[in-house]
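Presented below is the structure to which this report refers.
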């Protein structure tokens, strides 16, 4: 049985291109696996608040010392972390906004990065604690960025996931979606073919 955590971060919710590709992959991944479980989280609809000082300080306090807002935000963080802990596979639908990830996904990252829970500091640097998981990132872009210095998104996501212990990460790209002509259809078709190869 495979447990999948599926996160869509497009501002268009499940209608975004990255979301549709991620959903296509998840559906095909679990189709032949009896008993598979999928947890879906659409960040456009269920937004994680931006991290602020009060919330961050609350993460480091005992519950008896937290105010009501800190208790609520810590409880949300714990829920998000538990979803990742329970998953075998993490699937992210990620558009490219202004050369980086959507702020909703950054907030989700901020709420699952907790010292002593998802990573720990050692004399040799930080060590991720969420190991033995596979991540698939479905990256949809209007232009062509893969492999160029303009693609700051790929290394950022890869570095963050490694920071919390997820080092087996595969990116599936659909680029040139806003370039007109046949570029859009060709990119989506290539991404769909990549998906078929992954689930074969």
* **Filtered residues of the range 176-191 (kept if touching a residue at least 24 places away in the same chain (Cβ under 8 Å), surrounded by fewer than 17 Cβ atoms within 10 Å (Cβ to Cβ) and part of a helix (DSSP H, G or I))** => none
* **Of all residues making up the range 71-80, the number that are farther than 28 Å from residue 173 by Cβ and touching a residue at least 12 places away in the same chain (Cβ under 8 Å)** => 5
* **Of residues in the range 147-166 being more than 13 Å from the chain's Cα centre (by Cα) and not in a helix (DSSP H, G or I), the one surrounded by the fewest Cβ atoms within 10 Å (Cβ to Cβ)** => 149
* Residues being more than 22 Å from residue 25 (Cα to Cα) and touching a strand residue (DSSP E or B) at 6+ places or on another chain (Cβ under 7 Å): count how many of those fall in the range 90-99. => 0
* Among residues of the range 166-194, those that are touching a strand residue (DSSP E or B) at 6+ places or on another chain (Cβ under 7 Å) and farther than 23 Å from residue 29 by Cα, counted -> 1
* Residue under evaluation residue 115, criteria (1) under 24 Å from residue 81 (Cβ atoms); (2) buried (at least 19 other Cβ atoms within 10 Å of the Cβ), criterion not met -> (2)
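Only the coordinates and a few stated rules stand behind these numbers; no lab work does. Computed from a predicted model, the values in this text were never measured in an experiment. Cβ: placed from backbone, ideal geometry, glycine included. Neighbour counts: every protein chain shown.
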